[in-house]
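Shown next, in structure tokens, is the structure this report addresses.
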Amino acid sequence: MSQRCWTLSPSDFAGLWEECPRCFYLKVARGLPRPEPGQAGAAARVAEQMKVSCDGRRTEQIAPEMPAGVFEIGERRVESEPLDVHLPDAVQRCLVRGTHDAVVRLDDGGYALADVAIDGRPAADLAAAPGRRLLACAWALEHPAPGAPALGPVTRLGLLLFAPEKFARDAAGGGALSGGVSWLEIRRDDSRLFGFLAEALSALERPEAPGGAALCPWCVYRDASRRTGL
């Protein structure tokens, strides 16, 4: 068993790994993160406002197909105890550390973890990457590090999807974006989480970074700077 214990952020499971495994490696293994954008994108701001509007409301008021319960919106620290991940020729260790802010206290006991997606694509195309993040948060909340917040059991996971359809302008000069809201259930399957962790930890244990995604602008920029000597 390796003596190293990697610290992994659930948010990187859903975004950075999906966008570019090389950038994921450089951030986690070499301490070289991408620069943070100066402002959150429009979709992120809409998602944040959706969460604010859900706080304290019953789920059926938002999306009827959601499991019955009440939204509790607010940033929660998420940190797991160290966990062993079995690879074909080794056992690697990691812990999950980050935050989560959209929880539903279910009427039948337990909790659901939700995420918000702003997109017009078919729902099935949106679930994989956020699903990894939600699985990691669920595991961490049920298996917290000493002193870290605990929450459980987490029995349901899902995406609250907003598909923008119409923009309307009012007489006062303001505007409103409207569209359909739906719930996409994500199956709680911890084997998927451990399968992903095995893949990610295998990459992190390599002496060199894996290849970058073909259209990753940060990798293109880094490679261009090396070629030009800047």
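Worth pointing out:
- Considering the conditions (1) under 26 Å from ALA90 (Cβ atoms); (2) open to solvent by 40 Å² or more (accessible area, probe 1.4 Å); (3) assigned to a loop (DSSP other than H, G, I, E, B), ARG192 is excluded by exactly one of them, (3).
- Meets criteria (out of contact with any Phe, Trp or Tyr (no Cβ under 7 Å at 6 or more places or on another chain), open to solvent by less than 70 Å² (accessible area, probe 1.4 Å) and not hydroxyl-bearing (Ser, Thr, Tyr)) for ALA63: no
- Qualifying residue in region 15-38 (condition: surrounded by 15 or more Cβ atoms within 10 Å (Cβ to Cβ) and of a type in the set (Asp, Glu)): yes
- The strands (runs of 3 or more DSSP E) located wholly in region 1-109 that include 2 or more residues which are within 17 Å of the chain's Cα centre (by Cα) occupy 5-8, 69-79, 90-106.
- Among the residues making up region 1-43, those that are of a type in the set (Gly, Ala, Ser), modelled with pLDDT of 90 or more and under 21 Å from ASP84 (Cα atoms) are SER9, ALA29.
The values are calculated or read from the model by the stated rules, or taken from the named source; none is laboratory data. Since the model is a prediction, treat every value here as computed from it, not as a measurement. So basically every Cβ, Gly included, is an ideal-geometry build from the backbone, and we count neighbours across all protein chains shown. All accessible areas refer to the heavy atoms of the entire protein, side chains included, with ligands and DNA or RNA removed. Shrake-Rupley method; radii C 1.70, N 1.55, O 1.52, S 1.80 Å.
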